[in-house]
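Okay, structure first, notes after.
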Amino acid sequence: MSVVNVLFLVICMTIDFKEQEIIMERVKALLKGEERFALVETYGCQQNVNDSQKYEGILQKMGYTLTDDREKADFIMFNTCAVRDRAEKKVLGNIGALKHLKAKKPRMVIAIAGCMSQQESVEKKIRASYPHVDMILGTRAMADFPRALEAVLVEKKRVINREENDCVLENVPTNYDGGCKAFVSIMYGCNNFCTYCIVPYVRGRERSRSMEAVIEECTLLAKRGVKEITLLGQNVNSYGKDMGMTEGFATLLGEVDKIDGIERIRFMSSHPKDISDEVLSVMANSKHICHQLHLPLQSGSDKLLKEMNRVYNREKYLSIVDKAKKLMPDLAITTDIIVGFPTETEEDFEDTLDMLKTVKYDSIFSFIYSKREGTPAAKMEFAATEEEIRARFDRLLSVQNDISYELNKKCEGEVQEVLVEGMSKEEGILTSRNYANKIVNFKGDESLVGKIVKVKITRAQTWILIGEVCG
Ligand code: SF4
């Protein structure tokens with residue numbers, strides 16, 4: 001397969017996706033009214049989930065019907081994550097497994113998008129070993145997707161676009177799945193360069209969407225019946241700084257809080273170095289912002305925080321928690337923890353356990369450090385063996401499980417408002433989330449899906465709460 005390297009140079013800050021309508025119509029015409037199926041498989045974070053919804057929306061606009069079935073699909077995209085090595089290997093394995101499908105169905109188009117495909121090393125690997133992949137789109141190439149697909153379909157050539165730009169896309173067709181919750185990206189990229197993280201290298205510098213565009217999207221979602229919105233960004237607390245705002249995120253939160261029909265607002269991720277008193281105060285005084293804060297700690301050791309380039313220490317972190325809890329005594333706090341950062345010693349790890357016990361997180365997202373080539377941490381020597389790191393990981397989970405259970409136990413007897421998301425796997429049992437984003441399961445029928453209902457918590461488990469509808 002010959003290769004076209006697409007140079008799609010854009011210098012503007014905002015691209016209106018409506019400009020792609022003509023190309024999308026041309027692609028639709030190419031399908032000649034035949035039903036074609038598309039599948040987008042997502043790996044990684046909520047930002048990727050949101051990007052996939054956009055890729056799906058674009059595909060629908062071009063005439064594709066969405067499917068979950070690889071065998072049925074005429075177009076398959078892997079929207080990838082580069083944060084962990086294991087996820088990368090899984091994607092490559094899945095792409096490899098499609099070779100026989102493509103041989104049976106030559107019209108099938110296979111694409112790889114997202115953080116993995118932004119890396120030169122991945123492009124080289126795909127070129128060398130995966131000739132059946134038709135399209136490689138980096139993290140900033142979505143605007144080029146309709147044109148790239150047209151080129152693959154018409155010219156039968158592989159298209160690669162790993163262009164780096166500072167653009168923000170607006171008016172992208174999006175496949176909001178019709179549920180009661182939605183993600184809204186408010187900014188892209190990251191300026192922080194934590195030493196273990198690949199994100200700033202693959203997603204570029206921080207770029208905020210205009211406040212008007214974010215509010216317009218949230219208003220539209222409210223009109224479609226969405227009740228809960230999660231505002232997304234790698235570091236939402238620096239929203240608007242690239243546009244010269246000083247309290248941009250606090251202002252945005254206040255504005256979203258005023259939108260009719262939006263009952264719950266969440267946001268993630270918050271970098272502790274950037275969260276302001278103003279944001280906490282808007283949260284505390286708002287009508288709809290959930291008293292739930294995801295505040296990534298990563299490590300409880302000051303030495304490690306410095307080596308990770310996190311730009312805060314235990315004292316600063318605890319002072320934020322303290323302030324936030326004073327303003328919102330019912331605040332639920334969650335965090336991210338990395339176990340086994342290269343220089344982590346037993347003492348550093350004990351400091352992390354100590355932070356868990358001090359802050360008392362409702363839940364944590366913990367990961368074993370994964371080496372990412374090209375980051376400063378990739379050159380650091382390991383202070384612990386793999387076995388020791390695994391044992392630490394298990395100890396961390398065990399400490400956290402006790403804390404989560406203890407906090408959940410306190411909810412027993414409380415009446416809480418929950419947003420019903422759907423039926424659980426158990427027959428006749430609904431699954432919902434409370435303000436703290438904890439799962440609450442209770443008996444009920446489908447008529448309650450999408451509604452906010454009052455539930456009395458009758459039993460606590462480590463990860464979920466069990467309840468019953470109140471009178
Ligand atoms: S804040 Fe740090 S960990 Fe988060 S995306 Fe940016 S560089 Fe990565």
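The values are calculated or read from the model by the stated rules, or taken from the named source; none is laboratory data. Note that this is a predicted model, so its numbers are computed, not measured. Don't worry about glycine lacking a Cβ; one is built from the backbone with ideal geometry, like all the others, and counts go over all protein chains shown. With ligands, DNA and RNA removed, areas are computed over all heavy atoms of the protein, side chains included. Shrake-Rupley method; radii C 1.70, N 1.55, O 1.52, S 1.80 Å.
Could you grab me the full set of residues in the stretch 49-82 that are crowded, with 20+ Cβ neighbours inside 10 Å and among the β-branched types (Val, Ile, Thr)?
ILE58, ILE76, THR80
May I ask you to verify whether ASP144 is part of a helix (DSSP H, G or I), acidic (Asp, Glu) and either touching a helix residue (DSSP H, G or I) at 6+ places or on another chain (Cβ under 8 Å) or in the same structural domain as LEU59 (by TED's automatic domain parsing) (or both)?
yes
So is ASP274 within 12 Å of the ligand (Cβ to nearest atom) and open to solvent by 20 Å² or more (accessible area, probe 1.4 Å) or not?
Against the criterion (within 12 Å of the ligand (Cβ to nearest atom) and open to solvent by 20 Å² or more (accessible area, probe 1.4 Å)), ASP274 qualifies.
So which of VAL469, VAL418 is without any contact (Cβ under 8 Å) to a residue 40 or more places away in the chain and of a type outside the set (D, E, K, R)?
VAL469
Out of LEU430, LEU419, which single residue is part of a strand (DSSP E or B) and in contact with a helix residue (DSSP H, G or I) (Cβ under 7 Å, 6 or more places away or on another chain)?
Only one candidate qualifies: LEU430.
Only one of LYS443, LYS438 is open to solvent by 20 Å² or more (accessible area, probe 1.4 Å), outside the structural domain of LEU297 (by TED's automatic domain parsing), out of contact with any helix residue (DSSP H, G or I) (no Cβ under 9 Å at 6 or more places or on another chain) and among the charged types (D, E, K, R). Can you tell me which?
When all the criteria are applied, what remains is LYS443.
Which of the helices (runs of 4 or more DSSP H) contained wholly in the stretch 1-114 include at least 3 residues that are under 14 Å from MET135 (Cβ atoms) and at pLDDT 90 or above?
So the answer is 46-61.
If you check LEU353 against the conditions, is it among the hydrophobic types (A, V, I, L, M, F, W, C), open to solvent by 40 Å² or more (accessible area, probe 1.4 Å) and more than 16 Å from the ligand (Cβ to nearest atom)?
So LEU353 fails the test.
Of all residues in the stretch 283-294 being under 12 Å from ALA324 (Cβ atoms) and in a helix (DSSP H, G or I), which is most open to solvent (accessible area, probe 1.4 Å)?
ALA284
Of the numbered conditions (1) over 24 Å from PRO329 (Cβ atoms); (2) touching a residue at least 40 places away in the same chain (Cβ under 8 Å); (3) in a strand (DSSP E or B), PHE442 satisfies every one except a single condition; which is it?
(2)
Quick test for you: out of LEU137, LEU98, pick the one residue that is open to solvent by less than 10 Å² (accessible area, probe 1.4 Å), outside the structural domain of PHE367 (by TED's automatic domain parsing) and within 17 Å of PHE37 (Cα to Cα).
When all the criteria are applied, what remains is LEU98.
Among the residues of the stretch 298-317, how many are out of contact with any helix residue (DSSP H, G or I) (no Cβ under 7 Å at 6 or more places or on another chain) and either surrounded by fewer than 19 Cβ atoms within 10 Å (Cβ to Cβ) or not assigned by TED's automatic domain parsing to the domain that holds GLU387 (or both)?
Summing the residues that are out of contact with any helix residue (DSSP H, G or I) (no Cβ under 7 Å at 6 or more places or on another chain) and either surrounded by fewer than 19 Cβ atoms within 10 Å (Cβ to Cβ) or not assigned by TED's automatic domain parsing to the domain that holds GLU387 (or both) in the stretch 298-317 gives 5.
Looking only at the stretch 147-164, filter to residues that are acidic (Asp, Glu) and assigned to a loop (DSSP other than H, G, I, E, B); which one of those is nearest to the ligand (Cβ to nearest atom)?
Here the residue is GLU164.
Kindly check whether there is at least one residue in the stretch 165-185 that is assigned by TED's automatic domain parsing to the domain that holds MET268, within 16 Å of the ligand (Cβ to nearest atom), in contact with an Asp or Glu (Cβ under 9 Å, 6 or more places away or on another chain) and closer than 30 Å to PRO342 by Cα.
No; the residues of the stretch 165-185 include none that is assigned by TED's automatic domain parsing to the domain that holds MET268, within 16 Å of the ligand (Cβ to nearest atom), in contact with an Asp or Glu (Cβ under 9 Å, 6 or more places away or on another chain) and closer than 30 Å to PRO342 by Cα.
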